[in-house]
1. How much length, in nm to one decimal, is gained on full extension between Thr56 and Ile284, taken as 0.36 nm per residue of separation minus their Cα-Cα distance?
2. On the Cα set of the range 98-204, report Rg and Dmax in Å, please.
3. Between Ala74 and Lys292, what is 0.36 nm times their sequence separation minus the Cα-Cα distance? Round to one decimal in nm.
4. Can you pick out the pairs among Lys96/Lys117; Lys161/Lys188; Lys135/Lys155; Lys80/Lys106; Lys150/Lys204 whose Cα atoms lie more than 31 Å from each other?
5. So, in nm, how far is label His234 from label Lys150 when the simple model puts each one 7 Å beyond its Cα toward the Cβ?
6. Full extension from Glu260 to Ile311: what is 0.36 nm times the residue separation minus their Cα-Cα distance, to one decimal in nm?
7. Ratio of Rg to Rh for the range 78-148, alpha carbon only, Kirkwood?
8. Between Ile137 and Leu224, how many nm apart are label points set 7 Å from Cα along the C-beta direction?
Amino acid sequence: MATHAPYQLDLDNQKRNVFVTQLHDRDDEEDITAFPVVKESGDKLIETGINTLQKTLLLKKEVEVDKVNAQLEAKRYEFKQRMETCSHRQIQVQKKQQQMKDRVSKFEKFIQENEAKRRRAIQKYQQEVKLREQKAIEFSSLHDQLQHYKNRLRKLEAKAKAYKIYEEYLQGVIDAMPEDYLPTSEDKVKGLMMRHRTLSESNKGLVANLDDISDELECCRKELELLTEEHQKHHLSDTSQLSQLQGKKEEVKDCNEQMEQNFQMNKGEMRKKRTETGIIFMAIDNIYDKCKKSTDPVLGKADWDTKLNRIRDYLHEREGVVNFVNDTSSSASGSASFDGMRGRSYSKSNLKVTGR
């Protein structure tokens, strides 16, 4: 292991403390701290030191106050000088402002003209700027159109170069075709293309028409199937109804035959009843002729209800007259009863005659 050097303490040269007892100078006075020799007692020395300290502080404060006052006076003088300078400058500025106002009032017309020129120049500048922007936009659009047309020209040239083969082919077709097949024109290739376009459009129209006809045929076929089914259904229903009607016909025929047989059997009785009915109708006509008035209208043979009503009214009238006569007088009642008996006998005789 390595050995370390021992620690050392370096100190500065100490000053020697020497009491000042000699008045002459010494050579080593710089390195000596001098202590004054005090001959007074301790308490007196303390009292003297305190008084000396207060007086010293007071003197220091007075000195500081004098310095501050002197500085204050200097600042006041400096401020006064500055204020005078400022007032002088303010007066000069006011004079300059007045001069400027005079100049402005003198050259106001010139300034207005310059302002008008400036405004016109600004307006012209703005118009020129707008015109320049418009021209720039037009230039850019025209440049874009030019580029577009150049690109289109290149594409068309490429297409023309690619379609050159087809042109040669069409020219060969024209040479191989008869002379009268195409109309006489300067450009036979264009005529051939128009002919092809016409035939192509005709073919498309025919194909479309064929599709439409096929669709219509399919619809008609479906309608025919539906109509056939409906016809079969109606045929079945009609057949069933016909069978029912035939059954009813047979029943009606049997019923008619039965009724005809009954009619033949009851023919004599019906003739007898018809005769009796005719006699009754003739009796009603005879009685009506006796009961009707001269003012009554002429009735037909079929108005049996009206005739019977007229006979009933006549009998009611006669009955009322009889009752009235019976109530008036007894003598008249005898004669009236006699007349009534005669009338009744007369009516009975008429009925008998009519019955005969």
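1. Net length gain for the segment: 63.4 nm.
2. 35.1, 110
3. Going from the current span to full extension adds 61.3 nm.
4. Checking Cα-Cα distances, Lys80/Lys106; Lys150/Lys204 exceed 31 Å.
5. Going by the 7 Å Cα→Cβ label model, 8.0 nm.
6. Residue separation times 0.36 nm, minus the Cα-Cα distance, leaves 14.4 nm.
7. 1.56
8. 7.0
No lab work stands behind these numbers, since they all come straight from the coordinates. No experiment lies behind these values; they were computed from the predicted model shown. Here the Cβ is made from the backbone with ideal geometry for all residues, glycine too, and neighbour counts use every protein chain on show.
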